[in-house]
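To start, the structure itself, in structure tokens.
The values are calculated or read from the model by the stated rules, or taken from the named source; none is laboratory data. Note that the structure is a prediction, hence the values are computed from the model and not measured. Here the Cβ positions follow ideal geometry from the backbone for every residue, glycine too, while neighbour counts run over all protein chains shown. What goes into the accessible areas is simple: the full protein's heavy atoms, side chains included, and nothing from ligands, DNA or RNA. Shrake-Rupley method; radii C 1.70, N 1.55, O 1.52, S 1.80 Å.
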Amino acid sequence: MSKFNREELVQTLFEESGDALFLFDPDTEELLDVNPTVQRLSGFPRQELLRMQLANLFRSETSGQVNFLRHAFRTTGVFHSQEGFLLRTKQENEWIPLNLTITRLHVRPKTLGLITARDVRDQRETHNQLKKVESELRRVLASVSDCLWSMEVDAAGRIQSGYVSPVVAKLTGRPPEFFTHWPDSWMSILHPEDIPGLEAGARRFREERSPAAEFEYRVLLPDGRSRWLRNSVRATREACGRVRLDGVIADVTERKGWEQALLASESKYRSLTDNLEQCVFLKDAALRYVAANRRFCQVLGIAESALVGKTDLDLHAADAAGRFQSDDRRVLAEGKSLEREEQHQWHGTPRTVRTIKTPVRDAQEQIVGVLGILWDVTEQRTLEAQLRQSQKMEAVGQLAGGVAHDFNNLLTVVLGNVGLLQDSLPAGDPNLKLVEATETAAHRAADLTRKMLGFSRRTTLCLEPANLNVAVEETASLLRRTIDPRIDLRMQRATKLWPVQADPSQISQVLMNLCINARDAMPEGGVLQLETENVVLDDDFVRTRFEAHPGDFVRLRVSDTGAGIPPDVLPRIFEPFFTTKEPGKGTGLGLAMVFGIVNQHGGWIDCSSTVGAGTRFDIYLPRFIAQPRPGVKSQPMIQATLPARQGNETILLVDDEPMIRNLGQRILQGYGYNVLLAQDGLEAVEIYEREKGKIGLIIMDLVMPRLSGQDAFRRLQGLDPNVRVLFASGYAAKYVVDPEAEGVMGFVDKPYRPEDLAHAVGAALESCSSLTQV
């Protein structure tokens, strides 16, 4: 044996002990030393502890005195506390319960005392918890349907104690007292055919020292029948050889009968369904559930053990259960798979569910059950419908935009020629009234065209940071003077509302259109409410909304308590020219324009409605966070409001429509300009390359065949960085070129009158002159 230092060993044991150790002088009751555990429990540092008396450090929980502790130490030399003692801590009025042992130590030349103290707080808490657990366990045992049992076996295999819950009477037909003598009493009721297998399994369980085992066997009932039981056993083995056995006994008679017919099929399907998100279930030929995967049980809100043996009649309303079982019988009779998609109520919510049912065959190819797979396709169908609607709206928008473009060209010719005709007629000419009526009709047509462009998201926007609360207040102020006083107009505006990048005039038009529709839906009065709110949309919210995406948004809500929109009408409300109003009371472009403007602002609009309860429109616009654009030279747009001027500059007019080219040439020549014509972007580039020294300004259409206005502008800038272009179009400028780009002198909206074109050209040439002088 290796040598060791005895004193070092003693010191190590003292320092490392998990118990609190106090070494004291029994004569003076002064502490001589304490180990680190004392410091940890009390919170006092060692030096402060060594200055304390025992009487100040300890007290009894009952008497509060420690006098008899001193007496016991002096008379017997050893003292074990029979009652609780408390240790003082650094926290005021806080004492720790301890069990104390005091031992007399003979250390020459003096006798010392050693107090060994153990913290019993955890023991007391454990005791209290055990009492609660015991009470709860007794309650559970009285209510569960399975039989619980427990026993202890010593090292020699003798049963020391045992317990069996009262449920055993239900399972075996014998009272709990019958099983006092284990295992003989239990073995006496076993089916003779199952005894050898059970004994062999129990022997393996003992010899292999398995932690758990499961046995299935039959017991004989007093009336001669037998019942299948499953006994699940868990063993807790101690080093001394003693073993504690705990078990649960359940009635599996019905299940065993089903397993005989479906065992082969169930084993195949179980491994495939454990981790599926689809619902999978298995029924026998009597349409009773034999097995189901986790997802199916979650949807039904029932455990698989409770589901097995039940039919659809036990789980669903009679009409639904009848429909399900009718499909099952058809599968069993025809031996063919059946697919169906229908509405179901899942947790009280209607869902679109797709179901596939397939016949299950045994080894002899006999149909013995039905395998079903079903899954929720609500979100998929919703998104598909939204995609189809979006594609339809996009196609209609492109068509509307194309029609509006061509219509704008025609109106430009009409308004231009009307303007020229007005200038040529003398005052008092009777034909002037005809011309004015024609101009009025053309302007009304232009207004319709602008609405079509709004739907197709090609209207002109003047975007700026805006607070939607302002738009709500202005709209409400206007409405209060015009709507039926029986309509209660309410506002709910969010404080600290985020700004959005918007065209205030267009937003006001959106609000006004929605409010007018709400007014018309409440002819007898009601409530019209305007609300604003900051919202943060997450992935869960946008998952079922095709147009939506996560982020920070400002929500503008317009709701009413009117007649509501029928479900068959709701999907079509944003289509252009669709209206349910009487002839002459609506064009069907109001909501179409709202849809287009909101989309053009980078947002989307949701509508929900209940017939007889009202309608709600939710508009989501992205939050605007200003970001600097370094290096971009700001150039103000040319407004067509300056006086027209005479000039002699050469202007290149580019348009694919011959009538517009001829009209523009006549207008500009009337103001003294020299005009060159090009029918598309390619011809414009060729002419400018030859005549760029003469051309002072190019008027260019945006949408042209062969080469668009935008592409032609880029090529012209390659030929001459100082080229100056005035764009003409009914489309929004941002869909073509950056309005702040060098060389863009402004935009003139189609359709235009002669003076509109002359004003824009004059302003552009004045700006060109100013830039040249600078």
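Of all aspartates and glutamates in the structure, the ones whose alpha carbon falls short of 15 Å from that of K433, not counting any fewer than 8 places away in one chain, are D423. Stretching D484 away from D429 to a fully extended chain increases their span by 15.3 nm, per 0.36 nm per residue minus the current alpha-carbon distance.
In whole angstrom, segment 497-546 maps to an equivalent ellipsoid with semi-axes of 26, 17, 11, each derived as √(5λ) from the alpha carbon gyration tensor and ordered largest first. Scoring 489-497, 284-292 by mean Cβ neighbours within 10 Å over their residues and listing the highest first yields 284-292, 489-497.
Estimated at 0.36 nm per residue, the fully extended path between K256 and D184 surpasses their Cα-Cα distance by 23.3 nm.
In this calculation the C-beta distance from Q11 to E214 is compared with R0 = 60 Å, giving a FRET efficiency of 0.65. Label-to-label distance, T116 versus D540, with points set 7 angstrom from Cα along the beta-carbon direction: 5.7 nm.
Which FRET efficiency value, to the nearest 0.05, is calculated for Q492 and S135 with the Förster distance at 45 angstrom and r the Cβ-Cβ distance? Once rounded, the FRET efficiency stands at 0.25.
The convex hull around the C-alpha trace of segment 269-373, projected and averaged over every direction, spans 6.5 square nanometres. Length available on full extension from R203 to S305: 0.36 nm per residue minus the Cα-Cα distance, which gives 33.8 nm. What is the sum of charges, Lys and Arg at +1 and Asp and Glu at -1, for the other residues whose Cβ falls under 15 Å from the Cβ of S185? Around S185, the charge tally is -1. For segment 477-573, the alpha carbon positions stretch 41, 36, 21 Å along the principal axes, listed from largest to smallest.
Do the alpha carbons of any pairs in K283/K336; K256/K310; K256/K336; K256/K357; K336/K357 sit beyond 19 Å of each other, and which pairs?
K256/K336; K256/K357
From the Kirkwood radius over Cα pairs of segment 300-344, Stokes-Einstein at 10 °C and 1.306 mPa s returns a whole-number translational diffusion coefficient of 133 µm²/s. Summarising the label geometry, the points placed 7 Å from Cα in the beta-carbon direction at E29 and Q665 lie 12.6 nm from one another. For segment 270-342, a simple Cβ point-charge model (Lys and Arg +1, Asp and Glu -1, everything else neutral) yields a dipole of about 180 debye relative to the Cα centre.
Amide H contacts of L32 (H built 1.01 Å from N, in plane; Pro and chain starts excluded): L23, F24, D25 sit under 5 Å, all sequence-distant by 5 or more or on other chains. Of the whole protein surface, K90 contributes about 110 Å² of accessible area at a 1.4 Å probe radius. For a test of the definition: using alpha carbon positions, the gyration tensor, and the 1.5 limit on a/c, classify segment 123-203 as rounded, prolate or oblate. Because a/c hits 1.5 or more and a/b fails to exceed b/c, segment 123-203 counts as oblate. Counting only aspartates and glutamates at least 8 places from K131 when in the same chain, those with an alpha carbon closer than 16 Å to its own are D122.
One compactness figure for segment 172-235 is 1.16, namely its Cα radius of gyration divided by 2.2 N^0.38 Å. Computed from label points 7 Å out along Cα-Cβ, the spacing between Q278 and I159 is 5.0 nm.
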